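The values are calculated or read from the model by the stated rules, or taken from the named source; none is laboratory data. Remember, predicted model here, so these are calculated numbers, not experimental data. Using ideal geometry, Cβ is built from the backbone for each residue, glycine included, and neighbour counts are taken over all protein chains shown. These accessible areas exclude ligands, DNA and RNA; they are computed on the full protein's heavy atoms, side chains included. Shrake-Rupley method; radii C 1.70, N 1.55, O 1.52, S 1.80 Å.
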Amino acid sequence: MRRAKISIIGAGNVGATCAQWAAQKELGDIVIVDIPDKVGVAQGKMLDLACCGPIERFDCNILGTSDYKDIAGSDVVVITAGIPRKPGMSRDDLIETNVKIVKSVSENIREYAPDSIVIVVSNPLDAMVYTAWKATGFPASRIMGQAGALDCARFRTFLAWEIGCSIEDVSALLLGGHGDDMVPLPRCTSVHGIPVTDLLDEATINACVERAKKGGGEVVKLMGTSAWYAPASGAVQMVEAIVKDKKRIIPSAAYLDGQFGHKGLFVGVPAMLGSGGVEKVVEFKLTDSEQKLFDESASHVEELVGVVTKMFPELA
Ligand code: APR
């Protein structure tokens, strides 16, 4: 059987950590690409990672490069290129610089890995997924953004800490845009099916929602740059679902074609991920208040996309 090939664009904190999680899970061969000025960093990090193989017992080819030709034949490409958030910056402040970067990266993916499935991690996420879709020209099923996997993981962690139980037993679902824009669904959040609303009071659940929403900002405040372990872990969970054709349902920024009342936008929804990329958006009936929050979140994503198309009319 052919090994999967996973390319990661950007050998910074998130990209290198994606490579580490993917290698540890032995998901396939790994190529990491950075700009020519940083090729030494890409090569050095991958040499270092490759030498963990004998200890961690993973066996895959790992390459650091600045040559996009090396991504040829990739099954999945993860885009982490871009500048991270600094204290006081919102994700939206990054927009102009990161659109330029993600646009040029996407054009290279279109040229060198035209059959790949693309997972975008660069922020502001919802705008970057749209940029990658337009700039690759790929069908929407082959473009998605990593947001919900991370936001859900943060939410589950904070709930488990409050309940005092293992994080493994908490399951949760969130919709909408990344971070501040996410839409919590306490009724879809449980401990082995026991509704979380039976285990925690409303104020505590709301505090966990708020902490998950602002989880990225909390990390930025603490260490002066944005997070990398959990964003990379979320992205690699999606890579695994695709390369193993698992049909996992992972909250992801996926293209809506009428589902949940929206069309023509990438927004966080439960997405079935398999070898075809986003194989299905799993739609279910929202309550009136959930729909209202989802609509608000979608309209913020729409505004962000409007900012992108105003700055870069060729992406309209
Ligand atoms: N092609 C390839 N790599 C690029 C390009 C490009 N055109 N432009 C920038 N990069 C690289 C940078 O050289 C750098 O090594 O992207 C890398 C980004 O790494 P970091 O600065 O460490 O940023 P990181 O913390 O990894 O965050 C990257 O992910 O979660 C998001 O908000 C975060 O948008 C940010 C992105």
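Just want the answer: with Cβ charges of +1 for Lys and Arg and -1 for Asp and Glu, which residue in 146, 55, 163 is farthest toward the dipole's positive end in the chain? So the residue furthest toward the plus end is 55. When only alpha carbons are used to place a centre, the stretch 181-240 and the stretch 295-316 end up 25 Å from one another.
Could you name the aspartates and glutamates in cross-link range of residue 134, using Cα to Cα under 18 Å and dropping any fewer than eight places away on the same chain? Here the aspartates and glutamates satisfying the reach criterion relative to residue 134 are 96, 107, 111, 115, 126, 257, 302, 303, 314. Surface analysis of the chain yields an accessible area of 44 Å² per residue, using protein heavy atoms and a 1.4 Å probe.
Projecting the Cα atoms of 128, 20, 106 onto the dipole axis of the stretch 1-137, where Lys and Arg carry +1 and Asp and Glu carry -1 at the beta carbon, places 128 farthest toward the positive end. The Cα atoms of the stretch 5-145 cover 41, 36, 26 Å along the three principal axes, with the biggest extent listed first.
Could you give the size of the charge dipole of the stretch 51-109 about its Cα centre, using +1 on the Cβ of each K and R and -1 on the Cβ of each D and E, expressed in debye and rounded to the nearest 20?
Working: 7 positive and 9 negative charges, 45 e Å.
About 220 debye.
Among the protein heavy atoms of the stretch 186-296, carbon and sulfur supply 54% of the accessible surface, probe 1.4 Å, non-protein parts ignored.
Looking at the chain, the DSSP beta bridges with both ends there are about 55 percent antiparallel. The angle between the Cα long axis of helix 13-24 and the main principal axis of the chain comes to about 80°, on a 0 to 90 degree scale.
Farthest toward the positive end of the dipole of the stretch 198-300, out of 253, 231, 275, is the Cα of 275, where the dipole comes from beta carbon charges about the Cα centre.
With respect to the chain, whose longest principal axis is taken over its alpha-carbon atoms, helix 202-213 is tilted by about 20°. Quick one: net charge around residue 273, please, counting Lys, Arg +1 and Asp, Glu -1 for every other residue with C-beta under 14 Å from its C-beta. Neighbourhood net charge equals +2. Multiplying each eigenvalue of the alpha-carbon gyration tensor of the stretch 89-240 by 5 and taking the square root yields semi-axes of 31, 17, 12 Å, largest first, rounded to whole angstroms. Counting protein heavy atoms only, the stretch 5-145 has 49 percent of its accessible area on carbon and sulfur, 1.4 angstrom probe. At 1.4 Å probe size, with no ligands or nucleic acids counted, give the accessible surface of residue 105 in Å², nearest ten. Probe radius 1.4 Å; accessible area of residue 105 about 10 Å².
Largest accessible area first, the residues 122, 289 order themselves as 289, 122 under a 1.4 Å probe with ligands, DNA and RNA left out. Shape index of the chain: Rg/Rh, with Rg the Cα radius of gyration and Rh the Kirkwood radius from the inverse mean 1/r over Cα pairs, equals 0.95.
For the stretch 218-313, the set of trypsin sites (Lys or Arg not before Pro) satisfying both a DSSP loop assignment and a count of at most 16 other C-beta atoms within 10 Å is given as 244, 246, 247, 285.
Can you compute the charge dipole magnitude of the chain about its Cα centre, using +1 on each Lys and Arg Cβ and -1 on each Asp and Glu Cβ, nothing else charged? Give it in debye, rounded to the nearest 20. Kindly include the intermediate steps, with their values, before the conclusion.
Working: 32 positive and 40 negative charges, 104 e Å.
Taking the Cα centre of the chain as origin, the dipole is about 500 debye.
Note on residue 221: lysines with a C-alpha under 18 Å away, same-chain residues under 8 apart excluded, are 86, 213.
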